[in-house]
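What follows is a single structure, written as structure tokens, with notes after it.
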């Protein structure tokens, strides 16, 4: 295999756009654009798979009582939906965007470690095959939620837990390799004159995200290892009878889990910070403060993990500490929101699809952020904990936040990737369908949550029936709206559309717009000069 | 790749990043003993000391206030006995020594080994609840169908913060027979 790679590599230097054809091109590719494309398609497939699991959940919850599936399968669906969306859809989408855009944005010819890049992608489908196959072993797949709390995962789980743990290990390795690649690329491969404080914010946010990944993915690997040995090898990390402590699991998990939340949102901030200035035709307001805000959010993310565990019983001092720290995060986040709004202030705005998604991101993410502040208040959290209010909160920040930003990014850079303009009418249709349905889907969840409907149950009390029916309708509308997005992307992939110029957006800035559309297989062989 | 980038040496950054990965993996495991130590020092998880404390001779009884100590008991999953305190609660002054009996009855026709684990709520009271004698300090062998009375002698440290008027001492009694005799296949699969 190495000779094939080496040969094709030599060939690259001579024939500029030569590349192997067929399946080998994708299997052995070390090209950052190919790998970016692979990541993005993988994430897209996982998005539909995780989404269809969510529709199974919403189908069951359409009416009270047990309708379609049994409770154990319901639990498998909630678990798989969470795991696939977090590790299969959102994170790989960001890694794909980083692969495509970071080298183009900093004027580098490729990622710093192209062969490791190939590995970090190709182990991912393997991990998810293992994860999905766990649903077919006797006793069913993991049914303990994506947070796999002990003792649910250690004492009350099936044999599929071993597959779950193994798949998590592989995903973690993939993420860590991706993060190392991003850091080395950004530190070593910037074009001459591209100082740190000239880097586009997408590069900055990914740079910080990569450090978060390196800090917390190994802790996740440790936790799943402990779950594995507790379950199969008789250790007692989380088993009180053997001297362990199940609450320790939650501390370890959320020490990973909270920074993980920011891993899934910081690159979104970078995307929105690229798109809003482009369509407001003004430079980003407060560039430096954006960088510092991102770094402080990342730093604070290590000091707030126990706000997920207020109800485990904590001394008042600890509760207050985690409550204030959590509220403190609202400050740098608020800085960002104000900067985006200020960027638009008196700008010459136009509303193409990427801008629509970016604007929806700002509004809806802020709604999710505000419900987050409500959840941060310890005494109030006792009421909200483990209700649909929490579900509403994190879907606002993850679906209408992270996922919307990924869609915005896709519309913004699709002309660069494919060389053709996407279908603007379809794009706008996709946006409006998504915007309306996502709110029908998630906004009413606040109400049932406040009224006390607990999450993670396949059934609910009768008084919640009407709202749940509305939520389910919203869920199906949102799910099927995404087929429009698929159509848009497929049209671009099949090169059906108007030919895109090198810089299709009038106000866009950055090195990626200096190369032709579609971006040639090899770009920036000679580094550009950045003034 | 151009010549310019071939010259850049990535190895030092990669080494540092890989070292960070290894350190963070180890840190995850280091958190286990750190958490244990932290809990021991602060009483954070409500687990009382595992060794007998000695009440000092000159300990003064603080008659100015009374504190209610409640007892709850639970049996570990699948443990074949009933386990309860003789009294639901006692009212006492800090510094006063009390004895409470716990009753256990093995319903099995074979001998088992039990281990009780204490937990105090609120956690901040943990450090002030001292036991001079407790069945939880060691494993309790129970003969077939044995009924046993297990005493627990304890006192509350007079330094107990004023705001604590009521605290709960809970015990879970686990069946650890299998762990002692080596983890048997049947026991771990029977759930």
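The values are calculated or read from the model by the stated rules, or taken from the named source; none is laboratory data. Because the structure is a prediction, the values reported are computed rather than measured. FYI the Cβ positions are ideal-geometry reconstructions off the backbone, even for glycines, and counts take in every protein chain you see.
Restricting attention to the stretch A:229-242, the residues that are farther than 20 Å from residue B:45 by Cβ, without any contact (Cβ under 8 Å) to a residue 60 or more places away in the chain and not in a loop (DSSP other than H, G, I, E, B) total 1. Against the test of being within 9 Å of chain B (Cβ to nearest Cβ) and in contact with a strand residue (DSSP E or B) (Cβ under 8 Å, 6 or more places away or on another chain), the options A:221, A:215, A:240 yield a single qualifying residue, A:240. Candidates are the residues of the stretch A:16-31 that are under 11 Å from residue A:522 (Cα atoms) and surrounded by 10 or more Cβ atoms within 10 Å (Cβ to Cβ); the one that is modelled with the lowest pLDDT is A:16.
The set of residues in the stretch A:243-255 that are within 8 Å of another protein chain (Cβ to nearest Cβ) and not in a loop (DSSP other than H, G, I, E, B) comprises A:247, A:248, A:251, A:252, A:255. Number of residues in the stretch A:367-384 that are closer than 22 Å to residue A:441 by Cα and buried (at least 18 other Cβ atoms within 10 Å of the Cβ): the value is 7. For the stretch B:3-62, which positions are in a helix (DSSP H, G or I), more than 8 Å from every other protein chain (Cβ to nearest Cβ) and over 30 Å from residue A:245 (Cα atoms)? B:3, B:6, B:7, B:11, B:12, B:15, B:16 - these are the residues of the stretch B:3-62 that are in a helix (DSSP H, G or I), more than 8 Å from every other protein chain (Cβ to nearest Cβ) and over 30 Å from residue A:245 (Cα atoms).
In summary, residue A:166 fulfils each of the numbered conditions (1) away from chain B (no Cβ under 13 Å); (2) surrounded by 21 or more Cβ atoms within 10 Å (Cβ to Cβ) with the single exception of condition (2).
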